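The next block holds one structure in the form of structure tokens; read it before the comments.
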Amino acid sequence: MTHPDPRDSALVRAARGLPTTHTPVWFMRQAGRSLPEYREVRADVPMLQACRTPELVCEITMQPVRRHGVDAAIFFSDIVVPLAAAGIDVDIKPGIGPVVAHPVRTQADVDALPELIAEQVEDITRSVQLLVAELGGTPLIGFAGAPFTLASYLIEGGPSKNHEHTKALMYGAPDVWNALCAKLSRISGTFLRVQAEAGASAIQLFDSWVGALSLPDYLRFVQPHSAAALAAVADLDVPRIHFGVGTGELLAAMGEAGADVVGVDYRLPLDVAAQRLGSAYSVQGNLDPALLFAPREPLEAKVREILTLGKAARGHIFNLGHGVLPSTDPDALTRVVDLVHTESSSGSSGSA
Ligand code: CP3
């Protein structure tokens with residue numbers, strides 16, 4: 001059976017600023033604990049083991065596509081998967097997040113970090129191939145963590161609110177910082193490339209915690225490294241999405257790092273984001289994930305408002321401003337997908 005080419009999908013077209021029949025929608029963390037079918041298949045399998053088991057990766061990635069009818073699948077994995085695959089001692093602790101056995105603080109620590117070689121992630125290629133075959137015309141988004149966010153986990157040893165050791169290293173030993181981020185940009189770049197070469201139709205670089213920085217610090221310490229990670233797939237036919245939380249002041253710089261689409265969190269209205277970005281970028285976002293707990297009427301009004309404001313950009317991919325919260329009612333997500341589709345394909349609305 002032939003199916004439509006995912007390169008002609010609403011997601012890929014909106015990412016490139018081309019007209020679409022409707023506004024595409026997917027959710028960060030759409031696969032995961034909000035779904036009972038996810039909790040069931042994950043019951044006896046540790047997170048990192050699940051991420052390295054192709055049949056399980058395929059099943060978990062497909063679950064929200066089947067249930068919600070979203071316009072894209074996001075590859076089920078984690079930002080620390082390539083670090084673990086390279087041989088770094090990192091684990092994901094339930095309810096906490098990534099935890100690193102030996103925090104990285106010195107040049108010797110950086111020198112001891114391995115590189116990632118594509119052969120170490122052949123299972124990722126296999127998982128992507130399985131998914132692309134099952135998804136048909138629905139695009140698969142591959143992803144990686146950006147150097148700053150990965151560096152923060154490695155330097156702090158785990159999740160951090162203030163990133164104090166990270167900033168101390170940045171300012172106290174800029175050479176060590178740059179050597180660490182250069183290494184991380186190669187690991188992320190390799191991981192993105194493996195997914196794109198195996199058939200992912202778009203990629204997203206997650207710099208979740210980079211909103212902790214000022215614009216001057218971002219430009220000086222981070223942007224060149226994120227640009228290097230994004231450059232690893234620049235020659236492939238995949239649009240690039242670049243996302244962080246609390247990054248209202250950084251949006252233009254994140255676009256200039258080499259993105260087609262800039263992700264916007266819920267703190268900044270999309271028309272303001274589009275104005276800050278200019279006409280060379282599409283936007284993605286930006287419903288507050290907490291509003292999925294609100295009554296239907298105000299939630300629906302907010303979805304409509306976001307669709308309207310998103311028209312200020314050359315293209316709009318509907319998403320949350322950050323990931324789905326674990327206790328979200330999955331039916332609320334399905335209703336948002338339906339509403340985005342009906343609203344954006346009715347009559348003269350949008351970029352059709
Ligand atoms: O549906 C999807 O979005 C795909 C899967 C995905 C996961 N992690 C699965 C996961 C993606 C895209 C990520 C990326 C990721 N991981 C980011 C960037 C996105 C973001 O949220 O900002 C970050 C910062 C991480 C690091 C990380 N991994 C955290 C903070 C946590 C949560 C810890 C917890 O248990 O609350 C994880 C674990 C994780 N990654 C889970 C899932 C489904 C939960 C693990 C479980 O189900 O046991």
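Could you tell me which residue out of Leu250, Ile96, Leu236 lies farthest along the dipole of segment 6-345 toward its positive end? Charges go on the beta carbon: Lys and Arg +1, Asp and Glu -1, centred on the Cα centre.
It is Leu250, whose Cα lies furthest towards the positive end.
Under the 0.36 nm per residue contour assumption, what length would be gained going from the current alpha-carbon distance of Leu215 and Ala280 to full extension?
Values: separation 65, 0.36 × 65 = 23.40 nm, distance 2.00 nm.
Computed gain between Leu215 and Ala280 is 21.4 nm.
Using a 1.4 angstrom probe, figure out how much accessible area segment 6-345 has per residue, in square angstrom, rounded to the nearest whole.
38 Å²
Give the long-range amide H neighbours of Thr138: residues separated by 5 or more places, or on another chain, with amide H under 5 Å away, using H modelled in the peptide plane at 1.01 Å from N.
Close amide H contacts, sequence-distant or interchain: none at all.
How far is helix 122-135 tilted off the main Cα axis of the chain, in degrees rounded to 10, range 0 to 90?
Tilt relative to the chain: about 0 degrees.
Can you list the lysines whose alpha carbon sits under 21 Å from that of Lys311, skipping same-chain ones fewer than 8 residues off?
Lys302
Report, in whole Å, the centroid distance computed from the Cα atoms of segment 97-127 and segment 58-72.
29 Å
So how do 171-178, 63-70, 190-197 stack up, highest first, on mean other-Cβ count within 10 Å?
Details: 171-178: 14.9, 63-70: 19.6, 190-197: 23.2.
Result, highest mean first: 190-197, 63-70, 171-178.
Take every Cα pair under 8 Å in segment 6-345 that's 6+ residues apart, average their separations, divide by the length, and report that relative contact order as a whole percent.
Details: 681 pairs, mean separation 71.4, N = 340.
The normalised contact order for segment 6-345 reaches 21 percent.
Go through segment 91-101 residue by residue and turn each phi into a ³J(HN,Hα) via Karplus (6.51, -1.76, 1.60, θ = phi - 60°); whole Hz please, and just put x for glycine and proline.
Those phi angles translate into 9, 10, 8, x, x, 10, x, x, 10, 10, 5 Hz.
What does the charge dipole of segment 6-345 about its Cα centre add up to, to the nearest 20 debye, if the Cβ of each Lys and Arg holds +1 and the Cβ of each Asp and Glu holds -1?
Details: 28 positive and 38 negative charges, 112 e Å.
For segment 6-345, the charge dipole is close to 540 debye.
How large is ³J(HN,Hα), in whole Hz, for each residue of segment 4-11 in order, when computed from phi with the Karplus curve 6.51 cos²θ - 1.76 cosθ + 1.60 and θ = phi - 60°, using x for Gly and Pro?
In residue order, the calculated couplings are x, 6, x, 5, 9, 5, 4, 4 Hz.
Just tell me which lysines come within less than 28 Å, Cα to Cα, of Lys183; anything on the same chain fewer than 8 places away is out.
Lys183 reaches Lys93, Lys161, Lys167.
Name the shape class, rounded, prolate or oblate, that the alpha-carbon gyration tensor gives for the chain, where a ≥ b ≥ c are the square roots of its eigenvalues, rounded holds for a/c under 1.5, and otherwise prolate holds if a/b is larger than b/c and oblate otherwise. Intermediate results must be reported in sequence, preceding the final value.
Numbers: a/c = 1.57, a/b = 1.31, b/c = 1.20.
Judged from the Cα gyration tensor, the chain comes out prolate (a/c at least 1.5, a/b above b/c).
What's the angle, to the nearest 10 degrees (0 to 90), between helix 174-198's Cα axis and the longest principal axis of the chain?
Relative to the chain, helix 174-198 is tipped by roughly 50 degrees.
Can you list the residues, at least 5 places off or on another chain, whose amide H is less than 5 Å from the amide H of Gln204, using H built in the peptide plane?
Gly142, Phe143, Ala144, Ile241
Please give the Cα centre distance for segment 135-160 versus segment 215-242, rounded to the nearest Å.
So the separation of the two Cα centres works out to 13 Å.
Leaving out ligands, DNA and RNA, and with a 1.4 Å probe, what % of the accessible surface on segment 103-202 is carbon or sulfur?
Working: 1880 of 3680 Å².
C and S atoms contribute 51 percent here.
Provide the per-residue ³J(HN,Hα) series for segment 315-330, in order, calculated from phi with Karplus coefficients 6.51, -1.76, 1.60 and θ = phi - 60°, each as a whole number of Hz, with x at glycine and proline positions.
After applying 6.51 cos²θ - 1.76 cosθ + 1.60, I find x, 9, 10, 6, 7, 7, x, 7, x, 4, 6, x, 8, 5, 6, x Hz.
Quick one: if the Förster radius is 56 Å, what FRET efficiency do Ala108 and Asp235 give, using the C-beta to C-beta distance and rounding to 0.05? Mind showing how you got there, number by number?
Numbers: r = 35 Å, r/R0 = 0.62.
It comes to 0.95.
Please list, ordered by chain and number, the residues whose modelled amide H lies under 5 Å from the amide H of Gln284; skip anything fewer than 5 residues away on the same chain.
Distant-sequence amide H within range of Gln284: Val262, Gly263, Val264, Ile317.
The values are calculated or read from the model by the stated rules, or taken from the named source; none is laboratory data. Predicted, not measured: the structure shown is a model, and the values here were computed from it. Every residue, glycine among them, receives a Cβ derived from its backbone with ideal geometry; neighbour counts consider all protein chains shown. Each accessible area value is taken on the protein alone, full model and side chains, heavy atoms only, with ligands, DNA and RNA left out. Shrake-Rupley method; radii C 1.70, N 1.55, O 1.52, S 1.80 Å.
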